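Only one structure is covered here, and it is reproduced in the block below.
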Amino acid sequence: MNSQGKIMAKTILITGASSGIGAFVAKLFLDRGWNVGLVARRKDKLDEIAKNYDNSLCLKCDVSKEKQIENAFELMIDRFGEVNVLFNNAGIFTPQARIDQIDIKDWQKSIDVNLTGMFLSAREAFRHMKKNGGRIINNGSISAHTPREGSVPYTTTKHAITGLTKTIALDGRELNICCGQIDIGNANTEMVSNLSHSDHVVETMEVSDAAEAVWNMAQLPLSTNVLTMTIMANKMPFIGRG
């Protein structure tokens, strides 16, 4: 509520908002009246997503750069007053290969974006949420539990996100800061389609279903937390041997 007694719209900052799951989540929250900060390196893509919305703020930012993340949050708060929710979503999948074939540059790129980027974004959100509480939702991926072949860099970072999530949830308890993790399996995005092979059908689900799951987590009161949620294509080979 602002100084005039008006109820203000809730605010979410979304990293990796220029494509895939991040873009779908951004559109969903914009359509439902939230103030949305869209963060990604490709500002032209962000502008395209948010061009018809007054409740948006597009922020060009490399999540692996500390000062750029700090600046993005400052601009967000200058515009909307606070950040109620962070959807910590930015991530990359480097070329698939066995560990003996992985270039150190691809390993480091995964660490920089998937792990350091998530740490920096969560740290800045936590700092701003200390006063009024808030919610951090980390995009973990099914790879936080079970790897895909040839995915050492990606899977290693996603296992680390589980530790990050649990520790933030523990540290945030007394400050009314919730932290949870959504593990998404085979949503129909460009990243997943690039993993398909001519001799292997990748079972997928609609990206909108994953976005709705993020919406449901974000809507919860701060007295309630979803520590982990798994949402996946029903026919993907994750459970059992089928």
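Quick look at the numbers
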quantity	calculated
Note, ³J(HN,Hα) from phi for the range 17-32, Karplus 6.51, -1.76, 1.60, rounded to Hz, x at Gly and Pro	8, 8, 7, x, 4, x, 5, 5, 5, 4, 4, 4, 5, 4, 5, 9
Residue-by-residue Karplus 3J(HN,Hα) for the range 102-115, coefficients 6.51, -1.76, 1.60, Hz, glycine and proline x	7, 6, 4, 5, 5, 4, 5, 4, 5, 4, 4, 8, 6, 10
Candidate lysines for bridging to Lys27, where Cα separation is under 18 Å - those fewer than 8 sequence places away on the same chain excluded	Lys10, Lys43, Lys45, Lys51, Lys60
Packing-based order for 102-109, 20-27, 164-171, using average beta carbon neighbours within 10 Å, highest first	20-27, 164-171, 102-109
For Gln181, distant residues with modelled amide H under 5 Å away	Asn138, Thr228, Met229
Karplus (6.51, -1.76, 1.60) ³J(HN,Hα), θ = phi - 60°, over the range 143-149, in Hz, Gly and Pro reported as x	5, 6, 10, 9, x, 9, 4
23 Å Cα-Cα reach of Lys158 towards lysines, excluding residues that sit fewer than 8 places from it in its own chain	Lys65, Lys105, Lys109, Lys166, Lys235
Within the accessible area of the chain (1.4 Å probe), percent carbon and sulfur	49
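The values are calculated or read from the model by the stated rules, or taken from the named source; none is laboratory data. Keep in mind the model is a prediction, meaning the values are calculated, not measured. Positions of Cβ are backbone-derived with ideal geometry, glycine not excepted, and every protein chain shown enters the neighbour counts. To get the accessible areas, we keep the full protein, side chains included, count just its heavy atoms, and leave off ligands, DNA and RNA. Shrake-Rupley method; radii C 1.70, N 1.55, O 1.52, S 1.80 Å.
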